[in-house]
Amino acid sequence: MTNALANAARLRDRLKTWAVEAAYPIWWEVGADHAKGGFFEKIDLDGQAVEGPRRGRVLPRQIYAYAIAGELGWSGPWRAAVEHGLAFFLSAYRRSDGQFRTLVGPNGESLDDTADLYDQAFAIFALAAVAAALPDRAEEARNLAVIVRDRLMSERKHPVAGFHQSNPPTAPLQSNPHMHLFEAMLAWNAIDPDPTWRALADEIAELALAKFLHAETGMVREFFDLDWNPAPGVEGRICEPGHQFEWGWLLLRWGQLAGRADATTAALKMIDGGEAQGVDLARGVAINALLDDYAVHDDGARLWPQTERIKAAVLAAEITRDPKYWVMAAEGAQGLLTYLRTPIPGLWRDKYLADESFVEEPAPASSFYHIALAILEMDRVVSGAW
């Protein structure tokens, strides 16, 4: 065993312990709204839930985080947590057409009825997690997911590939919701024989390889016009290191599934570029955004890119057997731990500034999906390499 792998394994153990002993308990005991249903969006760093509006993209993430809690070793009531989240999601967020609204109030009242593409992606993804974790709800979850998928295909299909952000179409088109749709399609493809899941995954992968990448650097762009050309001005030049890692991880998975060496090559180029250009060595963390010439666009460092750095590194290590990726995984885990050092264990800070201070604010629930999935993927690969 290499020292880098041993170091990654040690850090994996620390992250799993933190998740099982601290994070899962507090986000269920405090983070779940046991009176009105669903989950709070934030917990203060003093351990108190923060009331407020609840986004349609956050509750599915909490459902997912608890759906994999058993796999990570939490012996708490993870099934009850999944059922709790799902009940509120279906009652408060589901529109009459089967799609899911953007925002509700604390009592489940609609505050924004828009069915955003990004939110539909997370609905489909969470329903796959429900189907996998709760076999008795699998058929129901599948039927709900198919309704959303088919509605997107009938109302928002782009004539080239992918989907419009809204109906009627508005610019800019974005790669980010397609990334989460890609993740959702891969999740369903793994558990359901319907060939449409795989066909859509293939389509999004091909779209990414053909349209999303900057020709010279291989980095994924964020914003596009309605013909899938880079958006005008600075907007069309933004490339987020976290998304190099996240797209890289997904395209590595798809490359293995589809037998596509070109996807694997492109994914490794994204991952290597994100690591070489998008990590601030002083803080040891991936920053928020570059431009397509590697110039720094946003030197803040949110939590979520650190989790994607871990996922990309461990899967690249598994596929390539190159030990440099174990070094990257360990450094990514060390970076993530920086955010988890809070007065009350199980919470996190989200925004790490260039002056090496954190923004003092409540812990956002939206990060839990990123953290839990990174720990799960790190655990899977490290256990297999041990």
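Every number in this text was worked out from the coordinates using simple rules, so none of it is lab data. The shown structure was predicted, so the numbers you read here are calculated from the model rather than taken from an experiment. Every residue, glycine among them, receives a Cβ derived from its backbone with ideal geometry; neighbour counts consider all protein chains shown.
Annotations
- Residues in the stretch 281-292 that are in contact (Cβ under 8 Å) with a residue 40 or more places away in the chain, over 15 Å from residue 336 (Cβ atoms) and either polar (S, T, N, Q) or in a loop (DSSP other than H, G, I, E, B) (or both): 282, 288, 292.
- Qualifying residue in the stretch 188-204 (condition: under 14 Å from residue 255 (Cα atoms) and aromatic (Phe, Trp, Tyr)): no
- Taking the conditions (1) part of a helix (DSSP H, G or I); (2) within 25 Å of residue 314 (Cβ to Cβ) in turn, residue 191 satisfies each one other than (1).
- Some residue of the stretch 254-261 being crowded, with 24+ Cβ neighbours inside 10 Å and assigned to a helix (DSSP H, G or I): yes
- For the stretch 154-184, a residue qualifies if it is in contact (Cβ under 8 Å) with a residue 24 or more places away in the chain and outside any loop (DSSP other than H, G, I, E, B), and the qualifying residues are 163, 173, 174, 176, 177, 178, 179, 180, 181, 182, 183, 184.
- Residue 240 meets all of the listed conditions (1) surrounded by 18 or more Cβ atoms within 10 Å (Cβ to Cβ); (2) under 14 Å from residue 204 (Cα atoms); (3) not hydroxyl-bearing (Ser, Thr, Tyr) but one, namely (2).
- Those residues of the stretch 50-102 which are polar (S, T, N, Q) and more than 16 Å from the chain's Cα centre (by Cα), in sequence order: 75, 91, 96, 99, 102
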